[in-house]
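Working notes, beginning with the structure itself.
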Amino acid sequence: MEKKNLDWANLGFGYMMADYRYVSNYKDGKWDDGEITTDANITLNECAGVFQYAQTCFEGLKAYTTEDGHIVCFRPDLNAQRMVDSCERLKMPVFPVERFIDAVEKVVKANEAWVPPFGSGATLYIRPYMIATNPVIGVKPATEYQFRIFVTPVGPYFKGGAKPLTIRVSDYDRAAPCGTGHIKAGLNYAMSLYPIVDAHEQGFDENMYLDPATRTKVEETGGANFIFITKDGKLVTPKSDSILPSITRRSLMVVAEKYLGMEVEHREVLLEELKDFAECGLCGTAAVISPVGKINDHGTEICFPSGMEEMGPTTKKLYETLTGIQMGKLEAPEGWVKVIV
């Protein structure tokens, strides 16, 4: 298929409307068959549940062109299952895992011309989401919903390489102790907007949120999980019931252990431990790994030995190995790569 005439190597990380999207509606206790459509707009009643009580959740994954020319997705089954978990917590109807993967496959195939070529540094970002659509005025779950997927080609999250970030320990809480921090509810991200804008105004790139109960343990940022490298080469990832289970983070743990022979610890990480780590990073779908150079804890700077100039050596190995698997340069563990075309 002939590709769109785009400057693939210079794409930014933003929305560009592609030709097709997937839509399925839930009514009378069941999902319809779903369809591919060209209509990018949604018309809803002013009292729709999504507007009144924020009944909405979403996912994010990517399609890649591999070195041998195939178009693939990375671990879409985990995105599907995480959306099941989000829906169950928000009292929304589950969109079955098999249908989720099938819908991703259909919408990527339909938009094959929008999938960036191998070597361009760009990918096709895929955004599945679900919203409550019928009027709801009393506080209760809606009875009708819409599941949609749109795609957009995106460039690398960091132009010219990933420069280490400066982040601050936030005075705000990202999630309640028994709240919704472990799912991808839209409201979680709305709550993080004020703190991130404030952080930027104060000269920081991101916020580090602590556990809301004791404020002594590291959790995550507004949209990414933390990873740490110890001075003796271990990968440490924070553990908490209110951290979103990042697919990138879970994949990096396997990469560290199985590909790089590293010891991996998934455990509670105390704020007071940060000064003892050699490297720090944020991991997620968009950037894979964003290196962190220093953390500001209310005026006290914690500077990592990896510095502020480039990604730390161990973090860089993790990044190169995972992206190598995603792009088909390295053999993937069984079931990690879903071939679309």
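For HIS182, state whether it is touching a Leu at 6+ places or on another chain (Cβ under 8 Å) and open to solvent by 30 Å² or more (accessible area, probe 1.4 Å). Yes; evaluated as a whole, the condition is true for this residue. For the range 17-26, which residues satisfy the criterion of being under 12 Å from PHE147 (Cβ atoms) and out of contact with any Gly (no Cβ under 9 Å at 6 or more places or on another chain)? Across the range 17-26, the qualifying residues are ARG21, TYR26.
Taken as a whole, the structure places VAL218 among residues that are touching a Pro at 6+ places or on another chain (Cβ under 9 Å) and of a type in the set (A, V, I, L, M).
ASN5 falls short of the stated requirement of being buried (at least 16 other Cβ atoms within 10 Å of the Cβ), modelled with pLDDT of 95 or more and either under 21 Å from the mean Cα position of the chain (by Cα) or not aliphatic (A, V, I, L, M) (or both).
Would you mention how many residues in the range 56-72 are part of a strand (DSSP E or B) and not small (Gly, Ala, Ser)? Let's see the steps before the verdict.
Keep residues of the range 56-72 that are part of a strand (DSSP E or B), which gives 56-58, 61-65, 71-72.
Subset that is not small (Gly, Ala, Ser): 56-58, 61-62, 64-65, 71-72.
Number of matching residues: 9.
Does the range 164-173 contain at least one residue that is open to solvent by 20 Å² or more (accessible area, probe 1.4 Å), among the acidic types (Asp, Glu), under 20 Å from the mean Cα position of the chain (by Cα) and within 30 Å of HIS298 (Cα to Cα)? Yes, the range 164-173 has at least one match. The residues on offer are LYS140, LYS106, and the sole one that is open to solvent by 60 Å² or more (accessible area, probe 1.4 Å) and either without any contact (Cβ under 8 Å) to a residue 12 or more places away in the chain or among the β-branched types (Val, Ile, Thr) (or both) is LYS140. Kindly check whether there is at least one residue in the range 242-259 that is touching a helix residue (DSSP H, G or I) at 6+ places or on another chain (Cβ under 8 Å) and either modelled with pLDDT under 95 or more than 27 Å from LYS184 (Cβ to Cβ) (or both). Checking the range 242-259: at least one residue is touching a helix residue (DSSP H, G or I) at 6+ places or on another chain (Cβ under 8 Å) and either modelled with pLDDT under 95 or more than 27 Å from LYS184 (Cβ to Cβ) (or both).
Sort through GLN55, GLN81 and tell me the only one that's within 21 Å of ALA224 (Cα to Cα) and either under 14 Å from the mean Cα position of the chain (by Cα) or at pLDDT 95 or above (or both).
On the way: GLN55 fails: within 21 Å of ALA224 (Cα to Cα).
Matching residue, one of GLN55, GLN81: GLN81.
The set of residues in the range 310-331 being surrounded by fewer than 17 Cβ atoms within 10 Å (Cβ to Cβ) and either touching a strand residue (DSSP E or B) at 6+ places or on another chain (Cβ under 8 Å) or within 24 Å of GLU263 (Cβ to Cβ) (or both) consists of GLU310, PRO313, GLU320, THR323, GLY324, LEU330, GLU331. Does the range 19-29 contain at least one residue that is of a type in the set (Gly, Ala, Ser), under 24 Å from ALA132 (Cβ atoms) and open to solvent by 40 Å² or more (accessible area, probe 1.4 Å)? Yes, the range 19-29 contains at least one residue that is of a type in the set (Gly, Ala, Ser), under 24 Å from ALA132 (Cβ atoms) and open to solvent by 40 Å² or more (accessible area, probe 1.4 Å).
Which members of the range 295-309 meet the condition of being out of contact with any Asp or Glu (no Cβ under 9 Å at 6 or more places or on another chain) and in a strand (DSSP E or B)? Once the filter is applied, which keeps residues that are out of contact with any Asp or Glu (no Cβ under 9 Å at 6 or more places or on another chain) and in a strand (DSSP E or B), the range 295-309 yields ASN296, ASP297, THR300, GLU301, ILE302, CYS303.
Suppose we filter PRO141, PRO116 for residues that are closer than 22 Å to THR37 by Cα, more than 19 Å from the chain's Cα centre (by Cα) and in a loop (DSSP other than H, G, I, E, B); which single one remains? Full working, then the answer.
Values: PRO141 fails: closer than 22 Å to THR37 by Cα.
Every option except PRO116 fails the conditions.
The set of residues from the range 7-53 being under 28 Å from ILE137 (Cα atoms), in contact (Cβ under 8 Å) with a residue 40 or more places away in the chain and basic (Lys, Arg) comprises just one member, LYS27. Check whether at least one residue in the range 73-83 is part of a loop (DSSP other than H, G, I, E, B), of a type outside the set (Val, Ile, Thr) and touching a helix residue (DSSP H, G or I) at 6+ places or on another chain (Cβ under 8 Å), and report yes or no. Yes, the range 73-83 has at least one match. Just to be sure before I move on: is PRO153 outside any strand (DSSP E or B) and touching a Pro at 6+ places or on another chain (Cβ under 7 Å) in the structure I sent? No; evaluated as a whole, the condition is false for this residue. Taking the range 211-237 as the range and being open to solvent by 10 Å² or more (accessible area, probe 1.4 Å) and not charged (D, E, K, R) as the test, the residues that pass are PRO212, ALA213, THR214, THR216, GLY222, GLY223, ALA224, THR230, GLY233.
Where strands (runs of 3 or more DSSP E) fall wholly inside the range 182-294, the ranges with 2 or more residues that are of a type outside the set (Val, Ile, Thr) and in contact (Cβ under 8 Å) with a residue 40 or more places away in the chain are 206-208, 225-230, 277-284.
The values are calculated or read from the model by the stated rules, or taken from the named source; none is laboratory data. Values in this document were obtained by computation on a predicted structure and should not be read as measured data. Virtual Cβ from ideal backbone geometry, glycine too; neighbours counted across all protein chains shown. Just the protein is used for accessible areas: all its heavy atoms, side chains included, with ligands, DNA and RNA removed. Shrake-Rupley method; radii C 1.70, N 1.55, O 1.52, S 1.80 Å.
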